[in-house]
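Single-structure report; data block below.
Each reported figure results from applying straightforward, stated rules to the coordinates on display, with no laboratory input. Just so you know, these numbers come straight off a predicted model, no measurement behind them. In this analysis, Cβ positions are derived from the backbone assuming ideal geometry, glycine residues included, and neighbour counts consider all displayed protein chains.
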Amino acid sequence: MSKSLSIEINASGIATLTLNRIERHNAFDDEFIVEMTSALEGLATNPAVRVLVLAATGKSFSAGADLGWMKRMASYGEAENLADAQKLAKLMHTLDSLPIPTIAAVQGPAYGGGVGLIACCDMVFASPEAQFSLTEVKLGLIPAVISPYVIRKIGVAQARRYFLSAERFSSTTAQRIGLVHELAPQDEVIVLAHSWATQLLNNGPMAMAAAKRLVAEVADRPICSELNDLCAKRIAAQRVSNEGQEGLTAFIEKRPPNWVKH
C-alpha cells in the first residue's frame, strides 16, 4: 500500500480504508484509481473483513479528479480516454458491489468523483464542514461514470439541478436530498461511522450481503408476480442457509448467533 492509501483492520473485522493524498485534497489520478480498486478487491475477498469504513485525512474528503491527470487526459485521443474512463467505472462498480457493508465518513468537501465514491457507499455520515459539488460542466465535461450511482442516490429531479448548475451545496442539503444519512461534528464523524460499523457486526454477514443484492434486484422494478416470486425465492433460500438456520435457532434459544463475538 502506498502513501496515498492506508488500510487498517481491527480485531472485530472492521476495515478502515483512508485516502491520504492530503497535498492533493485526496484527488485521484489513474494510478490512484487502480490502487484503490485493487485495495477494494482485496478487502472483498478477505474473510476477516466484515465492514468497510471509507475515510479521508486532511481538509477534504476528495476533490475528485487530479488536475495533473486531467491535463494528461486532455492530450489523449478518444480511445485512450475511453480506456481511462473504464478504469474509473471499475472502481465505482467495485465499491458499489462490495459484498460487505460500506460506510463513508465525510469530514470535508467532496467534489466530482468524490461525490461518486460517497454515492457508492451504503451509509454516509458527514460533518457540517463538508460541502459537495458536481463540478464537471464547469470544465466542459459531464459526470458520466458516476452518474448511475449519484442519480440512484439523489433522484432524477435533484440530479438535473446539480449536474447542470455545478453549484456547491451544504451537508444539510446533501442530507435532505438523500446523499448523506446523518450529520455529526467534524471530529466525531469517524467515531459515528465506527459506532455503526460495530453495530452491523451483530447482523449475519451473508444476510447483509444478500440484503445488498436484494436492494439492487428490487429497486425501480414494478411490483408484479415475477418480482414477488423472486423475493419469495430469496427469503426461502436464506431461511434454509446455514446462517439463516443459526440465526433462527439462536433467536429461539435466546442466545447470540455464532457470528457475534463475545
Calculate the spin-label point distance for ALA237 paired with ASP187, positioning each point 7 Å from the Cα along the beta-carbon direction, and give it in nanometres.
4.8 nm
I want to check the label-to-label distance for GLU246 and LEU141. Put each point 7 Å from Cα in the C-beta direction and report it in nm to one decimal.
4.5 nm
Tell me the mean residue ellipticity at 222 nm calculated for the chain from its helices only (DSSP H runs of n ≥ 4, each -39500 (n - 2.57), averaged over every residue, nearest 500).
-14500 deg cm²/dmol
With an 8 Å cut-off on Cα pairs and a minimum separation of 6 or more residues, tell me the relative contact order of the stretch 133-262 in percent.
19 percent
Treating the angle as unsigned and between 0 and 90°, give the value, to the nearest 10°, between the Cα long axis of helix 156-165 and the longest Cα principal axis of the chain.
20 degrees
FRET efficiency for LYS59 and SER170 from the Cβ-Cβ distance with R0 = 22 Å, rounded to 0.05, comes out at 0.85
With a cut-off of 8 Å between alpha carbons and a minimum separation of six or more residues, what is the relative contact order of the chain in percent?
16 percent
Percent antiparallel among DSSP beta bridges with both residues in the stretch 5-200, to the nearest 5?
25 percent
Where a ≥ b ≥ c are the square roots of the eigenvalues of the C-alpha gyration tensor, would you call the stretch 114-262 rounded, which needs a/c under 1.5, or, failing that, prolate if a/b is larger than b/c, or oblate?
oblate
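What trypsin sites (Lys or Arg not before Pro) in the stretch 1-108 are in a loop by DSSP, with at most 12 other Cβ atoms within 10 Å of the Cβ? Could you put the intermediate results ahead of the total?
Details: sites: LYS3, ARG21, ARG24, ARG50, LYS59, LYS71, ARG72, LYS87, LYS90; in loops: LYS3, ARG21, ARG50, LYS59.
Answer in residue order: LYS3.
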In debye, nearest 20, what is the charge dipole magnitude of the chain about its Cα centre with +1 on Lys and Arg Cβ and -1 on Asp and Glu Cβ, if you could check?
440 debye
Relative to the longest principal axis of the chain, what angle (0 to 90°, nearest 10) does the C-alpha long axis of helix 205-218 take?
60 degrees
Nearest 10 degrees, 0 to 90: what angle lies between the long axis of helix 225-240 and the longest principal axis of the chain (Cα atoms)?
60 degrees
